[in-house]
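Right, one structure below, let's go through it.
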Amino acid sequence: MADVVTVGVNLDAFSHAISGIQALRSSVSRVFESLKDGMKNRETLEGREKQFITEFQDNLQAVNRDLNELERLSGLVGRPSESHPLHNSGLLSLDPVQDKTPLYSQLLQAYKWSNKLQYHAGLASSLLNQQSLKRSANQMGASAKRRPKVQPSTLVLPPQYVDDVISRIGRMFPDMTIELFRPNGTSAVLLVTLGKVLKAIVVMRSLFIDRTVVRGFNENVYNEDGKLDIWTKSQYQVFQKVTDHATTALLHYQLPQMPDVVVRSFMTWLRSYIKLFQSSCQRCGRFLQDGLPPTWRDFRTLEAFHDTCRM
């Protein structure tokens, strides 16, 4: 009801105006009833005519009086404020059966949703315009062909530099063992053993982490040919959850200009699982929920949460 009061309408005058409309309708009805009855029940023709004209004039004067009163009240009612989001539609909230016909609340919700949609669409449009992929005919001409293709320097880091970064990260965490493999040339694959809790296979492209698979400490991480198995998921649901969270962490830790910081931050986050089965949830305080320990680790505080408690 607070929305109704702020629309700029005098509710008291509005109530009197409704009564004035009812009075005007009654006066008009008496005019037509008088016309319908005609000159009945009169002794003489002259008496019937005079009585009919007198009653008809009285009824017309009553109509005129009620109409003037209604016009006066309509000026006191006022108009809805233009600042109201739905203008005249805000009067729909006067409906006393709000539970059965919640039209006003639905309109207000749709208005707010459309406003948000328009705002975010404007932001997306400005971002796309800043990073336009359109190319003119001149850009595709001879000058564009002569321009050499610039290779990102961060993607072609020497293997010695990558080995040095991984070695320094391994010395930072004594309870974490990092083994480095290069099965396909220069690309590195890390086998991270975290205490006796889990093993993680981290596939890298230079110093960029492509994917991570987490398995239990007692699970096999090698194929039949002796190579690291980078595709098979863990047979335990808890480590499947940790794998999903690790993928989310890869999207969170993004700093292309400083890839070594990204790798160090990710390894610090991964090390927080050293007490995967010993930490309680920071929100509900329980160790298990649906048979699983807290598998989520906050990206900043590294606190443990259940997957549903972190929301």
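Here are some conditions: (1) outside the structural domain of residue 28 (by the TED database); (2) surrounded by 13 or more Cβ atoms within 10 Å (Cβ to Cβ); (3) modelled with pLDDT of 85 or more. Residue 113 meets all but one. Which one does it not meet? For residue 113, the failing item is (2). Residue count for the range 256-300, restricted to those that are open to solvent by 80 Å² or more (accessible area, probe 1.4 Å) and under 29 Å from the mean Cα position of the chain (by Cα): 4.
Condition check ((1) surrounded by 16 or more Cβ atoms within 10 Å (Cβ to Cβ); (2) in contact with a helix residue (DSSP H, G or I) (Cβ under 9 Å, 6 or more places away or on another chain); (3) more than 22 Å from residue 295 (Cβ to Cβ)) across all residues:
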site	(1), (2), (3)
183	no, no, yes
191	yes, no, no
194	yes, yes, no
200	yes, yes, no
204	yes, yes, yes
207	yes, yes, yes
214	yes, yes, no
217	no, no, no
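Only one of the numbered conditions (1) out of contact with any helix residue (DSSP H, G or I) (no Cβ under 8 Å at 6 or more places or on another chain); (2) at pLDDT 95 or above is violated by residue 228, and that is (2).
Only one entry of 250, 270, 255 meets the criterion of being out of contact with any strand residue (DSSP E or B) (no Cβ under 8 Å at 6 or more places or on another chain) and either assigned to a loop (DSSP other than H, G, I, E, B) or in the same structural domain as residue 189 (by the TED database) (or both), and that entry is 255.
The values are calculated or read from the model by the stated rules, or taken from the named source; none is laboratory data. This is a predicted model, so every value here is computed, not measured. For neighbour counting, all protein chains shown are included, and Cβ atoms are generated from backbone atoms with ideal geometry for every residue, glycine included. Ligands, DNA and RNA are stripped out before the accessible areas are found, and what is left, the full protein with its side chains, is counted by its heavy atoms. Shrake-Rupley method; radii C 1.70, N 1.55, O 1.52, S 1.80 Å.
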